[in-house]
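Taking it in order: structure first as structure tokens, then the write-up.
The values are calculated or read from the model by the stated rules, or taken from the named source; none is laboratory data. Note that this is a predicted model, so its numbers are computed, not measured. All Cβ positions, glycine included, derive from the backbone under ideal geometry; neighbour counts span all protein chains shown. The accessibility values were calculated without ligands, DNA or RNA, using every heavy atom of the protein model including side chains. Shrake-Rupley method; radii C 1.70, N 1.55, O 1.52, S 1.80 Å.
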Amino acid sequence: MERFPFRQGVSWMAHIPIQLSESEQTIVASERYSHPVLHVRRKMLVLWSVHAGLTHQQAGTVAGVGRATVQRYLAAYRNGGLEGLRYWGVVGPVSKLASHADKIKASLSETPVRTVAEAAERIEQLTGLNRRLTQTRVFLKNLGFRWQRTRAVPVPPKSH
């Protein structure tokens, strides 16, 4: 008799089935493809797979995550429902310029600049924060500004 049957692929953990209500099925079926956050889409795919009868290992393989991650996702669903599953608590760093965004946008909209270097200089005058050109360009793009090439307006030749 084998001492460790789980080494041969036999599941030794209890499988608790997930049964979604009709309304939850509709929500999960749509959000596993259309939710704007990739991690939430993956969580919905795992939930849908387990609801459809796949094992935790199979659901993890389908979604590209490990069995332990599947179990964490299912625990989040059991504890908080779909809202618990949608929660993604990762917050990235916030720029010091973000608190001055309205003031910067108003100033640059009122009197536009020609180059990113001028924009960086104006931002430094307004806020006292010095940023290099790449960071300034990214910040301006996030504010909704875009680069526009200035060109000569073609004028038809005068007819004599």
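Once the 1.4 Å probe is applied to the protein heavy atoms, the range 70-160 comes out at 81 Å² accessible per residue. Between residue 90 and residue 41, full extension at 0.36 nm per residue minus the direct alpha carbon distance yields a gain of 16.1 nm. Modelled spin labels at residue 22 and residue 34, positioned 7 Å past Cα toward Cβ, are 1.9 nm from each other. For the range 74-128, the equivalent ellipsoid derived from the Cα gyration tensor has semi-axes of 42, 11, 9 Å, listed largest first. Computed on the chain, the Cα convex hull volume stands at 256 Å³ per residue. For residue 141, a cut-off of 22 angstrom between C-alpha atoms picks up these lysines, skipping any fewer than 8 places away in its own chain: 96, 103, 105. Within the chain, the longest run free of chymotrypsin sites (Phe, Trp or Tyr not before Pro) that sit in a DSSP loop with at most 13 other Cβ atoms within 10 Å is 13-86.
Per-atom-type breakdown for the chain gives carbon and sulfur 55% of the accessible area (1.4 Å probe, protein chains only).
Suppose the chain between residue 100 and residue 52 were pulled fully straight at 0.36 nm per residue; how much longer would it get relative to their current alpha carbon spacing?
12.4 nm
Working note: Karplus 6.51/-1.76/1.60 with θ = phi - 60° gives the range 144-155 the couplings x, 7, 9, 6, 10, 6, 8, 9, 6, 7, x, 10 Hz, where Gly and Pro are set to x. Angle of helix 133-143 to the longest C-alpha principal axis of the chain, folded into 0 to 90 degrees and rounded to 10: 70°. Listed by chain and number, the lysines whose C-alpha is less than 18 Å from the C-alpha of residue 43, apart from same-chain residues fewer than 8 away, amount to an empty set.
Based on DSSP H runs of at least 4 residues, each adding -39500 (n - 2.57), what is the mean residue ellipticity at 222 nm of the chain after dividing by all its residues, to the nearest 500 deg cm²/dmol? Show your work: numbers first, answer last.
Values: 7 runs with 88 residues, N = 160.
Result for the chain: -17500 deg cm²/dmol, rounded to the nearest 500.
Report the percentage of all Cα-Cα pairs in the range 12-73 whose separation exceeds 16 Å, rounded to a whole percent. Write out the running numbers ahead of the final one.
Values: 751 of 1891 pairs.
The calculated P(r) of the range 12-73 puts 40 percent of pairs beyond 16 Å.
With a Förster radius of 45 Å, plug the Cβ-Cβ distance of residue 155 and residue 121 into 1/(1 + (r/R0)^6) and report the FRET value to the nearest 0.05. Could you put the intermediate results ahead of the total?
Values: r = 34 Å, r/R0 = 0.75.
Efficiency at R0 = 45 Å is approximately 0.85.
To the nearest ten degrees, helix 38-51 and the longest principal axis of the Cα atoms of the chain are 20 degrees apart.
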